[in-house]
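For reference, the structure discussed in these notes is given below.
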Amino acid sequence: MKRALTIAIILINLAGFSQDMNWKAKRITSAQSQNESNSWINFRTDVELDMVPGQAIAGIACDSKYWMWINGRQAVYEGQLKRGPNPRDTYYDEVDIAPFLNEGDNMIAILVWYFGKDGFSHNSSGEAGLVFQCDEIGLVSDGDWMARMDPGFEHTAGPYPNYRLPESNIRFNAQNGSFDWILPGTEMPGFRNAWVIGDAVSPPWNKLVKRPVPLWKDFGLMDYDNNDEIPSVSDGKEIICKLPYNCHISPYLEIEAPAGLVIHMQTDNFDYMGLDAASVRAEYVTKEGVQQYESLGWMNGHIVKYRIPEGIKIRALKYRETGFDCEFSGYFECNDDFYNKLWQKAHRTLYVTMRDTYMDCPERERAQWWGDMVNESGEAFYALSPPAAALTKKGMLELINWQRHDGTIYSPVPEGNWDRELPGQMLASIGYFGFWNYYWNTGDKETMARVCDGVKRYLDVWQIKDNGTLIEREGDWYWGDWGVKIDRQLLFNAWYYLALKAYANMSELLGKESELYRTKEEMEAFKQSFNTVFWDGKGYRTAGYEGEYDDRAQALAVISGLADKKKYPALLDIFKSSFLASPYMEKYVLEALFVMGEADYGLERMKERFWKMVEVSEYTTLYENFGSGPGRAGNGTNNHAWSGGGLTLLSQYVCGLYPLEPAWKTFQVKPQLGPLKWAGTGN
């Protein structure tokens, strides 16, 4: 290896979701609020302090997002997690506001954005409002606070974001409003005493659950990469501003203009590929003179497009990057630059699909699909610093906390307008590469104890035929992968075995001896039945399945241990002729090749399958699907979580870096370099 190996032991906060504060605050809103979607509410209050405490922890909750200024200084840039930790409750933030306080008079200003609609990542409470409590300075939200509906925010005309997103487009009319209200000493037209609508902990927000992940990292305002090309006076044509990579951004402008002109802002991902699945965009209506504006709702892409009316003087166009607060601590490099580029693009794809939850994509859905998340959480241990593990823990607890009374689980959650179970993804989530892989990398026994009963309840949903294999369950969406020739029932049987394997390990960890014994017996019988029923001498297939062997299902048979080594030669022939897997399931096909000791072909197939995404595409992220179009790797998003599995494989198998005990107490370095001359990895 070229570089010294480094390991970061995964240490995470083991504290679970809990109601930590003794809430005395009231839930407040503006007296003018009608709980209309895409509403913006201003809150202000003053507090006088004889001295500034060393620490002042404020508990803050809202539906749906907030920004906070104290004495005119930004204290929080986009606080609050989307609802909810379960179908009823609401998250809250804890923020130390002491660094922003002064002796004497202090002014706190909070802007709340109420989505007012459900989405694949948000369960709307139906009620806009704010809760604030800081015991160290004796301040709680109540009827003495001042509030108003922000007069500057308006609604855009269409096109609107697609139904999967709870966020709306943002339009700010500077003729009607400004941000001067956040500054101490300014007049407060339109403010009235806040309307108290309930106790902090009461319906429809219910319990307030402490935010389990950090506030976002704020990279500050930055120049675009092509800043020198931005005109000083607009000619009315679209201005293309280049970002250094795909990231979460909020666009900023400083201009001199007459009043009443409309400026449009969006990224290249607003309506990608003409799929009728628009993302978010922004508009700004000018006032007279010099003015600055930043659109607060994040969007993502590789470029930002401004449409600025002709004649407006442009003083500056900038952007603010925000993202999950962790470091890019991992690395991989080798003598073949293709794999270096693949690892880096997977790294960027992983980070841009993280925020309130792990998500499939940051524009079309922003939703915690668990098939994607299993791949993402595995990558994070090799690519990101330890705080990223907290996002996996959050997702695990949410998945089980949203479990239905009949024992079924579904994703994405949190959600307000989706409730369909994808059986394959659910088995993957609770299984060996999902929940158990989290424990193996973190040693977080407490979280395993919290999810174990839910795992058993879901496994009990599945029943066994007389022949020892699964009774077919279609769930709510009989989905196994994108693409064609999907042997779904075979896939589900293999995913079920991997889920049994994880549950057996959980039972052993938690001292559930009878469950361990029972599950081990079931696994032994199931393995025998699987091979008796599905193996036909050349490969695995379900009776009635026609066409070439499904490479996805053969792969799961290998990595689960259902296939013994005597079958490897026949399975290798299938992997050399069957290319049905999408980028999601391709991770498991490639992993099977490394498990079989076929590193040469594994790396060859990885390069063949991902060549366009890595070498032809100019983007810094990986696409959703493989495809045949020149320069394009399929339909769908150009940054999709499930496509990054190669990152894990390059670190775990090519460099051979893998924990042998939980939390990396001991680990192995057992490289499979294949045709490579050298490779190095670490975290």
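The values are calculated or read from the model by the stated rules, or taken from the named source; none is laboratory data. Since we're looking at a predicted model, the values are computed, not measured. Every residue, glycine among them, receives a Cβ derived from its backbone with ideal geometry; neighbour counts consider all protein chains shown.
Okay, here's what the table says:
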| quantity | calculated |
| --- | --- |
| Flag if THR392 is assigned to a loop (DSSP other than H, G, I, E, B) and among the β-branched types (Val, Ile, Thr) | no |
| Test result for LEU622, within 28 Å of the chain's Cα centre (by Cα), assigned to a loop (DSSP other than H, G, I, E, B) and of a type in the set (A, V, I, L, M) | yes |
| Within segment 489-521, considering residues that are polar (S, T, N, Q) and either out of contact with any helix residue (DSSP H, G or I) (no Cβ under 8 Å at 6 or more places or on another chain) or not assigned by TED's automatic domain parsing to the domain that holds TYR478 (or both), the one nearest to GLY475 (Cα to Cα) | GLN489 |
| Residue selected from segment 459-505 under the condition free of Cβ contacts under 8 Å to residues at least 40 places away in the same chain and buried (at least 16 other Cβ atoms within 10 Å of the Cβ), by the criterion farthest from ARG541 (Cα to Cα) | ALA504 |
| Residue count for segment 539-574, restricted to those that are more than 13 Å from ASN493 (Cβ to Cβ), modelled with pLDDT under 95 and not small (Gly, Ala, Ser) | 2 |
| Residue match in segment 629-636 (condition: in contact with a Gly (Cβ under 7 Å, 6 or more places away or on another chain), in a loop (DSSP other than H, G, I, E, B) and surrounded by fewer than 24 Cβ atoms within 10 Å (Cβ to Cβ)) | yes |
| Residue among PRO204, PRO189, PRO166, PRO159 that is modelled with pLDDT under 95 and either within 32 Å of the chain's Cα centre (by Cα) or of a type in the set (S, T, N, Q) (or both) | PRO159 |
| Residue tally, condition assigned to a loop (DSSP other than H, G, I, E, B) and either without any contact (Cβ under 8 Å) to a residue 12 or more places away in the chain or under 14 Å from VAL140 (Cα atoms) (or both), over segment 186-199 | 4 |
| Top-ranked residue in segment 147-185 [being of a type in the set (A, V, I, L, M) and in a loop (DSSP other than H, G, I, E, B); ranked as nearest to ALA367 (Cα to Cα)] | LEU165 |
| Scan of segment 402-412 for residues that are touching a residue at least 60 places away in the same chain (Cβ under 8 Å) and more than 18 Å from the chain's Cα centre (by Cα), ordered by number | THR408 |
| Condition check for GLY395: buried (at least 21 other Cβ atoms within 10 Å of the Cβ), in the same structural domain as CYS452 (by TED's automatic domain parsing) and either closer than 22 Å to TRP440 by Cβ or touching a helix residue (DSSP H, G or I) at 6+ places or on another chain (Cβ under 9 Å) (or both) | yes |
| Selection from segment 444-458 of residues that are crowded, with 19+ Cβ neighbours inside 10 Å and out of contact with any Gly (no Cβ under 6 Å at 6 or more places or on another chain) | ASP444, THR447, MET448, VAL451, CYS452, GLY454, VAL455 |
| Among (1) within 33 Å of the chain's Cα centre (by Cα); (2) farther than 25 Å from TYR306 by Cβ - the single one ASP150 does not satisfy | (2) |
| Condition check for ALA679: in contact (Cβ under 8 Å) with a residue 24 or more places away in the chain, under 29 Å from LEU510 (Cα atoms) and of a type in the set (Gly, Ala, Ser) | no |
| Complete set of residues in segment 273-283 that are surrounded by fewer than 21 Cβ atoms within 10 Å (Cβ to Cβ) and part of a strand (DSSP E or B) | GLU283 |
| Residues (among the hydrophobic types (A, V, I, L, M, F, W, C) and in contact with an Asp or Glu (Cβ under 7 Å, 6 or more places away or on another chain)) located in segment 47-57 | LEU49, MET51, VAL52, ALA56, ILE57 |
| Verdict on GLY475 being small (Gly, Ala, Ser) and more than 28 Å from the chain's Cα centre (by Cα) | no |
| Strands (runs of 3 or more DSSP E) enclosed by segment 284-330 - at least 1 residues per element that are under 18 Å from the mean Cα position of the chain (by Cα) | 299-307, 313-323 |
| Any hit, segment 540-552, residues being assigned to a helix (DSSP H, G or I) and either in contact with a Lys or Arg (Cβ under 6 Å, 6 or more places away or on another chain) or in the same structural domain as PRO671 (by TED's automatic domain parsing) (or both) | yes |
| From MET359, MET354, residue being assigned by TED's automatic domain parsing to the domain that holds GLU379 and either without any contact (Cβ under 8 Å) to a residue 60 or more places away in the chain or on the phi > 0 side of the Ramachandran plot (or both) | MET354 |
| Inter-residue pairs, beta-carbon under 8 Å, first more than 25 Å from TRP369 (Cβ to Cβ) and in segment 569-585, second aliphatic (A, V, I, L, M) and part of a helix (DSSP H, G or I), 6+ apart | LEU571/ALA557; LEU571/VAL558; LEU571/ALA592; LEU572/LEU593; PHE575/ALA555; PHE575/VAL589; PHE575/ALA592; PHE575/LEU593 |
| Single condition GLY537 does not satisfy, out of (1) surrounded by fewer than 16 Cβ atoms within 10 Å (Cβ to Cβ); (2) over 22 Å from LYS566 (Cβ atoms); (3) not acidic (Asp, Glu) | (2) |
| Selection count where residues are closer than 17 Å to ASP360 by Cα, of a type in the set (Val, Ile, Thr) and free of Cβ contacts under 8 Å to residues at least 60 places away in the same chain, scope segment 374-401 | 1 |
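Yes/no per residue for (1) in a helix (DSSP H, G or I); (2) modelled with pLDDT of 95 or more; (3) among the charged types (D, E, K, R); (4) closer than 20 Å to PRO161 by Cβ:
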{"site": "LEU342", "(1), (2), (3), (4)": "yes, yes, no, no"}
{"site": "HIS347", "(1), (2), (3), (4)": "yes, yes, no, no"}
{"site": "TYR351", "(1), (2), (3), (4)": "yes, yes, no, no"}
{"site": "ASP360", "(1), (2), (3), (4)": "no, yes, yes, yes"}
{"site": "GLU363", "(1), (2), (3), (4)": "no, no, yes, yes"}
{"site": "ARG366", "(1), (2), (3), (4)": "no, yes, yes, yes"}
{"site": "VAL374", "(1), (2), (3), (4)": "yes, yes, no, no"}
